[in-house]
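Just below is one structure, and these are the notes that go with it.
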Amino acid sequence: MTCRRCQTALDGTQTWCVPCDREFDAWSRQHASDILYSVFAAMGVVVTVAVGLPLLGMPWIFATTGVFAGFGALVGSHRWTRGRRRRQFLRGARIPRAYLPEKT
């Protein structure tokens, strides 16, 4: 197999070489606030389902599904964001022009 990013030969079941994996780790730390979107989405689902259903007169057993639905929203949105960032990194991870340092 070869590394997906730099095309160097790999042994075993790895998909990335060690240097590319380290680069991705350092690059992904710049986007550490992405977890906030996942948490807010899960919180919205929990509040809507777990708090909203009892207010509408549903039994509490149905409201407990809100916790599981919120966990599913957390996991799903985190996986989607992680995949999106990984694809962005594989394409070259271009920095927007506004973030480029100024030349003096």
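So which residues in the range 63-86 are over 15 Å from Asp34 (Cβ atoms) and part of a helix (DSSP H, G or I)?
Scanning the range 63-86 gives Ala63, Thr65, Gly66, Val67, Phe68, Ala69, Gly70, Phe71, Gly72.
State all residues of the range 81-103 that are surrounded by 13 or more Cβ atoms within 10 Å (Cβ to Cβ) and at pLDDT 70 or above; if no residue qualifies, say none.
Passing the criteria: Thr81, Arg82, Arg85, Arg86, Gln88, Phe89, Leu90.
When both residues are 6+ apart or on different chains and their Cβ atoms are under 6 Å apart, which pairs have a first residue that lies in the range 39-54 and is farther than 10 Å from Gly66 by Cα and touching a residue at least 24 places away in the same chain (Cβ under 8 Å), and a second that is of a type in the set (S, T, N, Q) and part of a helix (DSSP H, G or I)?
Qualifying pairs under 6 Å: Ala41/Ser77.
If we only count helices (runs of 4 or more DSSP H) wholly inside the range 15-62, which ones have 2 or more residues that are surrounded by 15 or more Cβ atoms within 10 Å (Cβ to Cβ)?
Of the helices (runs of 4 or more DSSP H) lying wholly inside the range 15-62, those with at least 2 residues that are surrounded by 15 or more Cβ atoms within 10 Å (Cβ to Cβ) span 18-28, 34-46.
The values are calculated or read from the model by the stated rules, or taken from the named source; none is laboratory data. Model, not experiment: these values are computed from the prediction. Please note: Cβ atoms are built from the backbone with ideal geometry, for glycine as well, and neighbour counts cover all protein chains shown.
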